Every structure is written in C-alpha cells, then in structure tokens.
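*Asks:* Quick one: structure below, then a few questions.
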Amino acid sequence: MIQERIKITPLKAHKDERGRLSKIFDYAALEGKNIQDIYLTCTIPGENRANHYHKKTTEWFCVLKGECVLLLRDRKTKKQIRMKLDCSNPKLVKIPPFVEHATKNIGKEEMILLAYANRPYEPSDTVKSSLKF
C-alpha cells in the first residue's frame, strides 16, 4: 500500500514572540541518505507543480511558506493519498521511486516548498504523470 511506501514525519515547531523554528533535517536524519540535490519551488496561488514520478530518485518535501495539497499515487497499486501541507503544521514527506506526486497551492499567497533528493536531477529519471486535483 502507498501508506507503507511513503513516510510522513511531523516536525516540531518551536514558537515564541519572534516567530517559529522547525528543524527540517539534522545529521542523524541525513545519515546514509546520500542527499545530492536541494531546491526550492515557489508556486503562485491556484497553480500546480511536479505532476511526475521518478524511476530511481527518492525525494523529501516540506512546505516553508503557505499551503498546498500534495497528491500521491502508487504506480503499481494505483492507490492515492491526498494531504494538506502547510507551514504552520510542518511535516516532512518522503516520496520513494514510482510514486507519482503533484502539489497545488491552495492558499492566497505564494507557496514555498523545500525539496531534497538522493540523486542529482536526470531528465531520463523523471516521467510525466496525469494526476488530477
């Protein structure tokens, strides 16, 4: 099942009068993952991003600003998960190979998503998907 293939890690948000701090990754969390790409995506309200899957790459997603719906579908079982991600309730989502993924900004402001991957980007590893919101 898709729930067994992805991993969702709630992140602790330390809040005070200045704002909020969340640790997205630390040495123990990165150990053995061979992270080779780290990037940000910025998406305007109402727009979609990603809508693909990877044959070899594992990715991790975390919303830094705004909110989105993350849609995931297992290529093998066709089972889907739809979840809301937002910066006020931070989560780290691990997306393994052959899990289609797409995000849609459902907020009124720009959505900023941090993503990192265990392999450098290769066009031949990325396959377009047909996920629909």
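The values are calculated or read from the model by the stated rules, or taken from the named source; none is laboratory data. This structure is a prediction, so every number in the text was calculated from the model and none was measured. Glycine also receives a Cβ, built like all others from the backbone with ideal geometry; neighbour counts cover every protein chain displayed. Areas reflect the complete protein model, heavy atoms only, side chains present, ligands, DNA and RNA absent. Shrake-Rupley method; radii C 1.70, N 1.55, O 1.52, S 1.80 Å.
*Asks:* Taking +1 at the Cβ of each Lys and Arg and -1 at the Cβ of each Asp and Glu, which of 61, 129, 50 sits farthest along the dipole of the chain towards its positive end, judged by Cα position relative to the Cα centre?
*Replies:* 129
*Asks:* Could you work out how far the C-alpha centroid of region 103-119 sits from that of region 10-56, in angstrom?
*Replies:* Centre-to-centre distance over Cα atoms comes out at 8 Å.
*Asks:* So what is the accessible area of the chain per residue, in Å², with the probe set to 1.4 Å? Show your work: numbers first, answer last.
*Replies:* On the way: 7950 Å² over 133 residues.
Normalised by residue count, the accessible surface of the chain is 60 Å².
*Asks:* Can you give me the relative contact order of the chain as a percent, contacts being Cα pairs under 8 Å and 6 or more apart?
*Replies:* Value for the chain: 38 percent.
*Asks:* Counting other Cβ atoms within 10 Å, which trypsin sites (Lys or Arg not before Pro) in region 61-133 have at most 11 and lie in a DSSP loop?
*Replies:* Working: sites: 65, 73, 75, 76, 78, 79, 82, 84, 91, 94, 104, 108, 128, 132; in loops: 75, 76, 78, 79, 108, 132.
Counting only loop positions with at most 11 other Cβ atoms within 10 Å, the trypsin sites (Lys or Arg not before Pro) in region 61-133 are 76, 78, 108, 132.
*Asks:* About the Cα centre of region 47-133, what is the dipole size in debye to 20, counting +1 per Lys and Arg Cβ and -1 per Asp and Glu Cβ, all else neutral?
*Replies:* Details: 18 positive and 10 negative charges, 96 e Å.
The calculated dipole for region 47-133 is roughly 460 debye.
*Asks:* Separate question: Per the 1.4 Å probe, what fraction of the accessible area of the chain, in percent, lies on carbon and sulfur atoms?
*Replies:* On the way: 4070 of 7950 Å².
Here carbon and sulfur together make up 51 percent of the probe-accessible area.
*Asks:* Using θ = phi - 60° and the Karplus curve 6.51 cos²θ - 1.76 cosθ + 1.60, what whole-Hz ³J(HN,Hα) does each residue of region 93-103 get, with Gly and Pro shown as x?
*Replies:* Running phi through 6.51 cos²θ - 1.76 cosθ + 1.60 with θ = phi - 60° gives 10, 8, 10, x, x, 6, 10, 5, 8, 8, 10 Hz.
*Asks:* How about region 17-52: which trypsin sites (Lys or Arg not before Pro) there are in a DSSP loop, with at most 16 other Cβ atoms within 10 Å of their Cβ? Before the final figure, lay out each step's value.
*Replies:* On the way: sites: 18, 20, 23, 33, 49; in loops: 18, 23, 33.
Answer by residue number: 18, 23, 33.
*Asks:* Multiply the residue gap between residue 7 and residue 52 by 0.36 nm, knock off their C-alpha separation, and tell me the result in nm, one decimal place. Intermediate values should be presented prior to the final figure.
*Replies:* On the way: separation 45, 0.36 × 45 = 16.20 nm, distance 1.83 nm.
So the chain would gain 14.4 nm between residue 7 and residue 52.
*Asks:* Right, here's the next one. Can you list residues whose amide H is under 5 Å from residue 92's amide H, if they're 5+ apart or on another chain and H is modeled 1.01 Å from N?
*Replies:* 9, 11
*Asks:* I've got another one for you. Sort the chain into rounded, prolate or oblate with this rule: let a ≥ b ≥ c be the square roots of the eigenvalues of the Cα gyration tensor; rounded if a/c is under 1.5, and if a/c is not under 1.5, prolate when a/b is larger than b/c, oblate otherwise. If you can, show how the numbers build up before the last one.
*Replies:* Values: a/c = 1.67, a/b = 1.25, b/c = 1.33.
Cα axes put the chain in the oblate bin.
*Asks:* Right, something else. Along region 37-45, what does the Karplus equation 6.51 cos²θ - 1.76 cosθ + 1.60 (θ = phi - 60°) give for ³J(HN,Hα), rounded to whole Hz, x for Gly and Pro?
*Replies:* 9, 9, 8, 10, 10, 10, 10, 6, x
*Asks:* Also, I was wondering about something else. Amide H neighbours of residue 47 under 5 Å, counting only residues 5+ apart in sequence or on other chains, H built in-plane at 1.01 Å?
*Replies:* Correct list: 105.
*Asks:* Let me ask something additional. Counting other Cβ atoms within 10 Å of each Cβ, which GluC sites (Glu not before Pro) in region 26-125 have at most 11 and sit in a DSSP loop?
*Replies:* Working: sites: 31, 47, 59, 67, 100, 109, 110; in loops: 31, 47, 109, 110.
Of the GluC sites (Glu not before Pro), the ones in loops of region 26-125 whose Cβ has at most 11 other Cβ atoms within 10 Å are 31, 109.
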